[in-house]
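Trainee: Please see the structure below; I have some questions.
The values are calculated or read from the model by the stated rules, or taken from the named source; none is laboratory data. In this text, all values refer to a predicted model and were calculated from it rather than measured experimentally. Glycine gets a Cβ as well: all are built from the backbone with ideal geometry, and neighbour counts include every protein chain shown. When the accessible area is computed, the model is the full protein with side chains, heavy atoms only, and any ligands, DNA or RNA have been set aside. Shrake-Rupley method; radii C 1.70, N 1.55, O 1.52, S 1.80 Å.
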Amino acid sequence: IIVSIKITNISTFYENYKLSFSNQNCKIYIRNISSSKKETTKTKQKKGKEKYQTMETVKVETIGKEIIKPSKPSSNDVPTLQLSIMDQLIPQVYAVAFLFYTKDDLISQEQTSQTLKTSLSETLTKFHPFAGRVNGVTIDSTDEGAVFVDSRVDDCLLSDFLRSPDTKSLQQLLPVNAAEPIPTWPLLLVQATYFKCGGMAIGVCMSHKLGDAVSISNFIQAWAATARGEGDSVVSPEFGSTKIYPPASGAIQVPGEDQLGKRTSITKRFVFVASKIEELRNKVASDAVPRPTRVQSLTSLIWKCVVASSTDTTREKALYQANNLRPKIPAVLSENLIGNPLFSTLTLNGKDNLETVQIVKELKKRSEEVSHLVQYEEGSASMTIGLKLLGAMAETKFSYEVYDTHVVSSWCRVALYKACFGWGSPVWVTGNVSPILDNVTVLVDSKDGQGVEAWVTLAEDEMLLFEQNTELLAFASPNPSVLI
């Protein structure tokens, strides 16, 4: 194949294009990595003809849509779920998760679909609020059910889809637009997408009002166990963010909700392999923090590069991190608790740009401060902890108008790779708890459990600077192929 390209600016050409060559039949793939165009892939059709397609043009066809209700109706003694103040402060968005599986020759597409729907119905009997409806500051177990969509992709292999995954192509694997504010129902939606090679993707949307990343993982694990016929071994979920935080109040107005869904940003994926993370951990270590965690190390690097890319010259830079309180207060909060037992810390950049070593020290201080706030003494009221946490948040006097804020959310150690429905473990997973937010990074484990994938969302002009940062690129690979 001979490709003729007219190049008017050689430097622009090298910045915007990456050419990779395969030694099989001298195939050439040309990938445009600018923000305005998508990767081009070449696939062979059955008759030996070839065609080019972009991920944006992959046709996902809906072949079925059902409302899945709990297999057993909720009893009269199932209480209305009271939301906490923290749940109320959570944006009206879906938390989303994607799980990809290769073909299993022993089970047909029809069997797979039926297994997913039947087991989902059974799982909802333990997760009744997931089939309910938001009613002000409560969730009523109305048994209205969850939405389940079957779809297929006839013009793309799973391996092609995963060659250069991006948020626009992933969005096609969801039954709703996750970048828009959600209604009061449904609170749970699922889409099963079947590729022509036999591979499949499961996209899950769960109202963030119901819970966080751990919550969506707990639900998926329970659903998968039920699909394998191991539903009896599933530990019943515990609903109750009000164990530490006071109940939500209708009198409280959440600021900024009118801005949800007005995206002006772009999201890109950067992968840090285990060896590069180890190199980074050694670089950012100090006497104060001799062995930084993976998340601390990556957060320090990403935030430094975000600050360097910011075009906002007036507001002070701030790093906003949500902390999962379950492992910090195990006597109060169990791992199977469904909700948003979170506490967010704020780290300021100051007048001078902080180096990664100093950022790690600040992150360590924030972690120690949280541990001090949540110290639990046997016999004391758990609500006391929540009040202390709310008081600490109020003292920061945080305001988006004052601070140019970047949010970092970690999905590391969230066990989505264990979600086996009966046809093997997923070959790739990813997720996002805030697909609406414009200035956020989500960290997700790689399949080996050692590497980390960072999904970074920034304004387009800032992303152009961020993705060219040499310090970032010394450790990260921009959107490499997912090997299956």
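Trainee: Run a plain Debye calculation on the stretch 265-478 (Cα atoms as equal point scatterers, no solvent) and give log10 I(q)/I(0) at q = 0.08, 0.10, 0.17 Å⁻¹, rounded to two decimals, same order as the q list.
Mentor: Reported log10 I(q)/I(0), two decimals: -0.30, -0.47, -1.32.
Trainee: Measure off 7 Å from each Cα along the Cα-to-Cβ vector at SER334 and THR62, then give the distance between these two points in nanometres to one decimal.
Mentor: Each label point lies 7 Å from its Cα, and together they span 3.7 nm.
Trainee: Viscosity 1.306 mPa s, temperature 10 °C: give me the Stokes-Einstein translational D for the stretch 61-239 in µm²/s, with Rh taken as the Kirkwood radius over C-alpha pairs.
Mentor: 94 µm²/s
Trainee: Keeping all protein chains in place and using 1.4 angstrom, which order do VAL137, VAL284 fall into by accessible surface area, from largest down? Display every interim value, and only then the final one.
Mentor: Values: VAL137 35, VAL284 0 Å².
Largest accessible area first, the list is VAL137, VAL284.
Trainee: If each residue of separation counts as 0.36 nm, what is the full-extension length gain between LEU373 and LYS196 once their alpha-carbon separation is subtracted? Write down the numbers at each step before the final one.
Mentor: On the way: separation 177, 0.36 × 177 = 63.72 nm, distance 5.26 nm.
Gain on stretching LEU373 to LYS196: 58.5 nm.
Trainee: Quote the FRET efficiency, to the nearest 0.05, computed for ASP105 versus ARG291 with a Förster distance R0 of 51 Å and r equal to the Cβ-Cβ distance.
Mentor: So, using R0 = 51 Å, E works out to roughly 0.65.
Trainee: Which residues' amide hydrogens lie under 5 Å from the amide hydrogen of ILE338, considering only partners 5 or more residues apart or on another chain, with H built in the peptide plane?
Mentor: Correct list: GLU238, PHE239, GLY240.
Trainee: Then there's this: Roughly how many Å² is the accessible area per residue of the stretch 61-239, as a whole number, for a 1.4 Å probe?
Mentor: Details: 6560 Å² over 179 residues.
The answer is 37 Å² per residue.
Trainee: Taking 20 Å as the cut-off for C-alpha to C-alpha distance, list the pairs among LYS65/LYS117; LYS276/LYS304; LYS304/LYS361; LYS361/LYS397; LYS69/LYS243 that go past it.
Mentor: From the list (LYS65/LYS117; LYS276/LYS304; LYS304/LYS361; LYS361/LYS397; LYS69/LYS243), the Cα-Cα distance tops 20 Å for LYS361/LYS397; LYS69/LYS243.
Trainee: First compute the accessible area of the stretch 265-478 with a 1.4 Å probe, then give the percent of it belonging to carbon and sulfur atoms.
Mentor: 52 percent
Trainee: Separate question: What spacing in nm lies between the two simple spin-label points modelled at LYS397 and LYS365, each 7 Å away from Cα in the Cβ direction?
Mentor: It is 1.8 nm.
Trainee: Right, here's the next one. Where nothing but the Cβ of Lys and Arg (+1) and of Asp and Glu (-1) is charged, how large is the charge dipole of the stretch 61-239 around its Cα centre, in debye to the nearest 20?
Mentor: Working: 13 positive and 21 negative charges, 22 e Å.
Once rounded to the nearest 20, the dipole reads 100 debye.
Trainee: Give me the percent of the accessible area of the stretch 61-239 that comes from carbon and sulfur atoms, probe 1.4 Å, all protein chains in place.
Mentor: 49 percent
Trainee: Using a probe radius of 1.4 Å on heavy atoms only, what accessible surface per residue do you get for the stretch 265-478? Whole Å² is fine.
Mentor: 43 Å²
Trainee: Taking R0 as 56 Å, what FRET efficiency do you get between GLU471 and ASP77 from their Cβ-Cβ distance, rounded to the nearest 0.05?
Mentor: My answer for the efficiency is 0.45.
Trainee: Also: Which order do the peptides 104-116, 77-89, 183-195 take when ranked by the mean count of other beta-carbon atoms within 10 Å per residue, highest first?
Mentor: 183-195, 77-89, 104-116
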